[in-house]
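Please treat every number below as a calculation from the coordinates, not as lab data. The shown structure was predicted, so the numbers you read here are calculated from the model rather than taken from an experiment. Because the Cβ atoms are built from the backbone with ideal geometry, glycine has one as well, and the counts that use them run over all protein chains shown.
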Number of protein chains: 2
Amino acid sequence: MRDFDLRNFLPYLLNQAAEETSIGFSQIYKDRYGMLRTEWRVLFHLGRYGDMTASEIGRLSKMHKTKISRSVRALEDKRFVAGRESTDDRRREILTLLPQGRRAFDDLVVVAEKHNADLMASFSTGERAVLIDCLQRLAAFEGLPD
Amino acid sequence: MRDFDLRNFLPYLLNQAAEETSIGFSQIYKDRYGMLRTEWRVLFHLGRYGDMTASEIGRLSKMHKTKISRSVRALEDKRFVAGRESTDDRRREILTLLPQGRRAFDDLVVVAEKHNADLMASFSTGERAVLIDCLQRLAAFEGLPD
DNA sequence: TGGTAGTAGTTACTTTTGTAACCAACAAGG
DNA sequence: CCTTGTTGGTTACAAAAGTAACTACTACCA
C-alpha cells in the first residue's frame, strides 16, 4: 500500500498524458482559427462523420449539451458551420460544414495526423496496439456510424 | 488518411479515458470532503511525498501556481493543511498536513487504490505494464524525491 | 382532442480556470 | 549600500465550464 503513487494512478496518469499531448495541437487550432477545444471537436465530428445534430455529437463525444451549443454558436459566427431545421422533427437542427469550415477541417486533420504520428513515434507496433486498445476500453466509446 | 479517426487520436483518446476513469473517484472526494480535483492533488502530494512548498508541488504536478495557491487556501480553510514560513527563504511556505488532512488522505488513498485496481481489472499483466509505461512516457514526469 | 411526459436546444447564473499584474523577498554586481 | 533581475506566492479581472431552469416541440395514451 505504501507504494501507491500518483504515477501509477490511472486517472491522474491519463490526465497528465492528455494535457501533455494536447498542448502542441491545441496551440495550432487556437492560433490559426481562434478555436477552443470544444469547437475543434464539433468541427471534427462534422468533418469526419458527416452532418449530424448537436445531440448526436453529444452522444458520441460525451460533451455536455451546453458546451456543444456554445461551440456551434461560435462556429456559426466564424461561418464554419450552418444548421438547417430537420423536416420530420422541428426541434432538431442538422449541422453541416460550410466551405470555410471544410477548409479548416482539412487543414487541421493533416496537422492532427502528423501530431499523432509524432506522439506514437517512440512506441513499438505492439505497444501502440496495446495502448490504443486499453484506452478505447477505458474510454468506453459509443458506437459510430461507419 | 480517410481512416483517421478520433478514436485513434491520442490527445482525444487520453482525454476521454481520463474523464471516464475519474468520474467515480472525483465524486467521492467531492461528496465526502467537498474537495475539487486540484485540492485532492495538493493533498495527495503532501500526504504521499511529505512536506513541500507550493512551487515544488507545481513542478511535480505541472499545475499552474494560481491553481495551487487557491487549492492551498481551500485546504487551509478546511484545516487540512497548514503552512510555516521557511527560515532560510522567507518567500517560501512549507506546507504540511494537519491531522484532519491526514485522515482525509488516508481515507482517500484506500479508495483511490481500490478504484485503480478496478480500472485495471480487465487488463492482463502485460497490458498493464505497457499501458503504464506508455502513459508515463507521454506524461513526461519530473523526477520525484525517493 | 387534450393532458402528461420526454427530448432538442438555449439562456441565465454560478463556479472554476486562465492570464497578467503585482508584492515581497532573495541574489549578484557595481 | 543600491540597483537590476529573478523567484515564491497572491490577487484582480476575463474567459470558460457546470448547473439548472426554460422554450419549443414531439410522443403517447386516455
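Run a plain Debye calculation on chain B (Cα atoms as equal point scatterers, no solvent) and give log10 I(q)/I(0) at q = 0.13, 0.17 Å⁻¹, rounded to two decimals, same order as the q list. Treating every Cα as an identical point scatterer, log10 I(q)/I(0) equals -0.69, -1.08. Only helical runs count toward this figure. For chain A, summing -39,500 (n - 2.57) over DSSP H runs of n ≥ 4 and dividing by all residues gives -21500 deg cm²/dmol at 222 nm.
Of A:Val130, A:Val42, A:Val109, the residue with the greatest mean-square motion in the GNM of chain A, using alpha carbon springs below 10 Å, is A:Val130. Separation of the alpha carbons by more than 23 angstrom is noted, of A:Lys65/B:Lys114; A:Lys30/A:Lys67; A:Lys114/B:Lys62; B:Lys30/B:Lys67, for A:Lys65/B:Lys114; A:Lys114/B:Lys62.
Each label point was placed 7 Å from the Cα along the Cα-to-Cβ direction; for B:Arg128 and B:Arg70 their separation is 3.6 nm.
Just to confirm a number: summing +1 for Lys and Arg and -1 for Asp and Glu over residues other than B:Thr96 whose beta-carbon lies under 9 angstrom from that of B:Thr96, what do you get? Local net charge: 0.
By the equivalent-ellipsoid construction on the alpha carbon gyration tensor, the protein assembly as shown comes out with semi-axes of 38, 22, 19 Å, ordered largest to smallest.
Around the Cα centre of the range B:6-139, unit charges on the Cβ atoms of Lys, Arg, Asp and Glu (plus for the first two, minus for the last two) sum to a dipole of about 380 debye. What does the net charge come to around A:Ser122 if you take all other residues with beta carbon closer than 14 Å to its beta carbon, with K and R at +1 and D and E at -1? Result for the neighbourhood of A:Ser122: -2.
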